[in-house]
Amino acid sequence: MTMGQTAAEIAVLDYGLGNLRSVTRGLERADAAVEVTSDPDVLTTADGIVLPGVGAFSEGMENAGPFREVLVEAATSGKPLFGICLGMQMLLSTSEEADHAGEGKAHGLDLIPGTNLRFPDEVKIPQMGWNEITTTRDHPLVDGVDGEYAYFVHSYYADPADGGTSVATTDYGVTFPSIVANEAGNVFGTQFHPEKSGETGLTILRNFVDLCAQS
């Protein structure tokens, strides 16, 4: 569905840990109609869903628990679901972060099977700042951004069970997937913050909005 001159209606999930204002601004610059919401019905009717996130994996999954069913249903139905930073990590199955923090095992959404690993001690943790993204798989999200730089803030990185889910990689002590997507291509995430990544990030957000408009 469309509204006025907007390309798509995007629901940004408010579960208490998102960088909501800057994400909303970025999506609006990409010509989306944005609703920040904690209403599952809005998630169901939107053209696409953004799962933002800052903070710890276990807290993120605890807060997002009430929305697990609607998020999984949306992903299964083919609706575009975009995880950002912690939101991307939550698309996976587990994370070392919960054990590292003494919080036991936290279960992710398991939409992209795999775990999140802590960076090796040889590098400064967290990675904070600009780094290059290199595309490794065709996906509408990365049109026009190969070799560009994006803004990262994280101590853990995704390690998907299927290496084919990697859409782009970045080097920081290890080479890790900085963008992932499921096989169907409708569930994807960026480890970096597109809303803080200048023109590169805006291109990615526009690609996402275009994808939602076509779905």
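Seen from all directions on average, the chain presents a Cα convex hull projection of 10.4 nm².
Using 0.36 nm per residue, how much length does the chain from S155 to D143 gain when fully extended, once their Cα-Cα distance is taken away? Could the numbers behind the result be given before it?
Working: separation 12, 0.36 × 12 = 4.32 nm, distance 2.69 nm.
Here the segment from S155 to D143 would lengthen by 1.6 nm.
Per residue of the chain, the DSSP helices (runs of n ≥ 4 H) give a summed -39500 (n - 2.57) that works out to -7500 deg cm²/dmol at 222 nm. Kirkwood-type hydrodynamic radius, the stretch 105-181: 13.1 Å, calculated from all non-identical alpha-carbon pairs. For G114, nonlocal amide neighbours, meaning residues 5 or more places apart or on other chains whose placed amide H falls under 5 Å from its own, are S93, T94, A161.
Amide H contacts for V36 (H built 1.01 Å from N in the peptide plane; partners 5 or more residues away or on another chain; cut-off under 5 Å): V12. The distance linking the stretch 156-203 with the stretch 35-96 is 16 Å (Cα centroid to Cα centroid, whole angstrom). Whole-Hz Karplus values for the stretch 44-53 come out as 5, 8, 5, 6, x, 10, 10, 10, x, x Hz, taken residue by residue from phi with 6.51 cos²θ - 1.76 cosθ + 1.60 and θ = phi - 60°; glycine and proline positions read x.
Cross-link partners of K196 among aspartates and glutamates, defined as those whose alpha carbon lies under 16 angstrom from its own and excluding same-chain residues fewer than eight positions apart: E28, E132, E148. On the beta carbon distance between H107 and S38, with R0 = 25 Å, the FRET formula returns roughly 0.75.
Every read-out reported here was derived from the displayed coordinates using simple, explicitly stated rules and does not represent laboratory data. Predicted, not measured: the structure shown is a model, and the values here were computed from it. When we count neighbours, we look across all protein chains shown, and the Cβ atoms used for this are built from the backbone with ideal geometry, even at glycine.
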